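Chemist: I'd like to ask you about the structure that follows.
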Amino acid sequence: TASRAEENSKPSSQGTEFIDYESLNENVKRAQYAVRGELYLRASELQKEGKKIIFTNVGNPHALGQKPLTFPRQVVALCQAPFLLDDPNVGLLFPADAIAKAKHYLSLTSGGLGAYSDSRGLPGVRKEVAEFIERRDGYPSDPELIYLTDGASKGVMQILNTIIRGEGDGVLVPVPQYPLYSAAISLFGGSLVPYFLEETENWGLDVNNLRQSVAEARFKGITVRAMVIINPGNPTGQCLSEANLREIIQYCNQENLVLLGDEVYQQNIYQDERPFISAKKVLMDMGPPISKELQLVSFHTVSKGYWGECGQRGGYFEMTNIPPKQGGYFEMTNIPPKTVDEIYKVASISLSPNVPAQIFMGLMVNPPKPGDISYDQFVRESKGIIESLRRRARIMTDGFNSCRNVVCNFTEGAMYSFPQIRLPPRAIEAAKRAGKVPDVFYCLKLLEATGISTVPGSGFGQKEGVFHLRTTILPAEEEMPEIMSSYKKFNDEFMEQYEDHRGYSRM
């Protein structure tokens, strides 16, 4: 009987095997996503135990109290419940311009919000996105080369999945980086090729560093196929200058790299010296031949900016100089002319992006105009959010820089602070004894002591021996002084406990 039980417990070569950890796709096991990693899971446990947790680990504005903009919610509410449009009292509850917009977007669908759209998204909304890009940059945009996606993340994954053919293909990614890129590249079986941003230069990008990273990758047999820029930066919060963008474009053109422009924080600008400028505008300003040669994919979303509609999952990507023109530069580089057809095929597998999110995207790129009934309220709400974020960026930067052994660059844009924590050697030793990476150890202690849930810098990549944490600047403005006071108290007590005046981890 025992031997029969043992025999039955063995997996049959003819039957199906149970899915367990050992049998999972190795690429899935390889992928890491620190934003929802160990710190987040511990914070969730503490929350279940009744501890108040401030989740600053992810750029999730509404979860931290940001109010939704009124006008887009009115329009989407009417689209979701079109029977309200037939109610004779609808004009008492909704402004006339919201009613008109709802009718406009419903007319673009083939059956309301419950029907699939084209796999690229509603043509009418893609046309509105193209018109927005043209107004922003001053150059034409083709709706046929714009794809609406379930948040920018799905667009990034779709493009990376199309580009990466195997582990021999590499993608240049800034370090520190948003872990979507490292996770997705691992998931699709490619190789991440890091290029380091310079913290002492306000997280600037040195093209010489790019050259070195590409040379090292090629020495290892990796074919570098694309380069990612995150502008404004996540987690670093810097805004790339026009001069820096020109250098990047020139380099990508020289090396035949596709440039992937993650521009989801373009509304989040907290200083006047370096306004956001899109990679496409800089490329077009450079003129031919480069403006007709460089392949560029740009990403945007409704999740950030003063919209903050993370849960709606609306996004788009625009392709520039894809596909190649017959007889043009890219034909000579053996890039097939049916590229867009293949990208469309990948999109078609999911049938359709989220239709309500497409309408949010249409509203973001085509908001109320001067003279519209809802215009004044829309401007008041959106400006109020950005002005408050600007103040919070300053409060947080100044707060970190007032702390013992902490230095922090000012958050020029995006939604994050990324302070460097100069950990004493005794703290690093304590972390090793606990089996933790030093900045994970620090962030766990911070979480337990204060309820502030952050992400350790090691989750984004950093130079050897240098430690950071990332936190959003999204907690309510009135709560920010108390949060920074709580952080300062913890940090200074931590440093007092572990400091022995032997020196610190530092750049």
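The values are calculated or read from the model by the stated rules, or taken from the named source; none is laboratory data. Computed from a predicted model, the values in this text were never measured in an experiment. Glycine also receives a Cβ, built like all others from the backbone with ideal geometry; neighbour counts cover every protein chain displayed. Accessible surface areas use protein heavy atoms only, side chains included; no ligands, DNA or RNA. Shrake-Rupley method; radii C 1.70, N 1.55, O 1.52, S 1.80 Å.
Chemist: Which one is farthest from ALA226 (Cα to Cα), of the residues in the stretch 155-184 that are charged (D, E, K, R) and out of contact with any Lys or Arg (no Cβ under 8 Å at 6 or more places or on another chain)?
Modeler: GLU167
Chemist: Quick check on GLN212: is it open to solvent by 20 Å² or more (accessible area, probe 1.4 Å) and of a type in the set (S, T, N, Q)?
Modeler: On the way: open to solvent by 20 Å² or more (accessible area, probe 1.4 Å): yes; of a type in the set (S, T, N, Q): yes.
When the stated conditions are applied, GLN212 passes them.
Chemist: So is GLY168 small (Gly, Ala, Ser) and without any contact (Cβ under 8 Å) to a residue 60 or more places away in the chain or not?
Modeler: Numbers: small (Gly, Ala, Ser): yes; without any contact (Cβ under 8 Å) to a residue 60 or more places away in the chain: yes.
When the stated conditions are applied, GLY168 passes them.
Chemist: Another question about this same structure. Checking LYS488 against (1) touching a strand residue (DSSP E or B) at 6+ places or on another chain (Cβ under 7 Å); (2) closer than 15 Å to VAL407 by Cβ; (3) open to solvent by 20 Å² or more (accessible area, probe 1.4 Å): exactly one of these is not met. Which one?
Modeler: LYS488 satisfies all of (1) touching a strand residue (DSSP E or B) at 6+ places or on another chain (Cβ under 7 Å); (2) closer than 15 Å to VAL407 by Cβ; (3) open to solvent by 20 Å² or more (accessible area, probe 1.4 Å) except (1).
Chemist: Given (1) at pLDDT 95 or above; (2) closer than 30 Å to MET484 by Cβ, where does VAL125 come up short, assuming only one miss?
Modeler: Only one criterion is unmet by VAL125, namely (2).
Chemist: Restricting the search to the stretch 460-485, which residues are without any contact (Cβ under 8 Å) to a residue 60 or more places away in the chain, touching a Ser or Thr at 6+ places or on another chain (Cβ under 6 Å) and either buried (at least 21 other Cβ atoms within 10 Å of the Cβ) or of a type in the set (D, E, K, R) (or both)?
Modeler: Hits for the stretch 460-485 are PHE467, LEU469.
Chemist: Out of the residues in the stretch 102-132 meeting the condition of being touching a Ser or Thr at 6+ places or on another chain (Cβ under 8 Å) and open to solvent by 60 Å² or more (accessible area, probe 1.4 Å), tell me which one is nearest to ASP376 (Cα to Cα).
Modeler: This residue is GLU131.
Chemist: Any residue at all in the stretch 334-353 that's at pLDDT 95 or above and either under 15 Å from LEU122 (Cβ atoms) or open to solvent by 20 Å² or more (accessible area, probe 1.4 Å) (or both)?
Modeler: Of the residues in the stretch 334-353, the ones at pLDDT 95 or above are none.
No, every residue in the stretch 334-353 fails to be at pLDDT 95 or above and either under 15 Å from LEU122 (Cβ atoms) or open to solvent by 20 Å² or more (accessible area, probe 1.4 Å) (or both).
Chemist: Here are the criteria: (1) free of Cβ contacts under 8 Å to residues at least 60 places away in the same chain; (2) within 28 Å of the chain's Cα centre (by Cα); (3) in a helix (DSSP H, G or I). Tell me which single one PRO140 does not satisfy.
Modeler: Answer for PRO140: the failing condition is (3).
Chemist: Another one. Just a yes or no: is a residue in the stretch 82-101 open to solvent by 30 Å² or more (accessible area, probe 1.4 Å), touching a residue at least 12 places away in the same chain (Cβ under 8 Å) and polar (S, T, N, Q)?
Modeler: Taking every residue of the stretch 82-101 in turn, none turns out to be open to solvent by 30 Å² or more (accessible area, probe 1.4 Å), touching a residue at least 12 places away in the same chain (Cβ under 8 Å) and polar (S, T, N, Q).
Chemist: Search the stretch 342-358 for residues that are outside any helix (DSSP H, G or I) and pair each with any residue that is acidic (Asp, Glu) and modelled with pLDDT of 85 or more when their beta-carbon atoms are under 6 Å apart and the residues are at least 6 apart or on different chains.
Modeler: Once the first residue is outside any helix (DSSP H, G or I) and sits in the stretch 342-358, its partners that are acidic (Asp, Glu) and modelled with pLDDT of 85 or more give PRO353/ASP150; ASN354/ASP150.
Chemist: Sort out for me the helices (runs of 4 or more DSSP H) sitting completely within the stretch 165-270 that have 3 or more residues that are at pLDDT 95 or above.
Modeler: 207-219, 242-254
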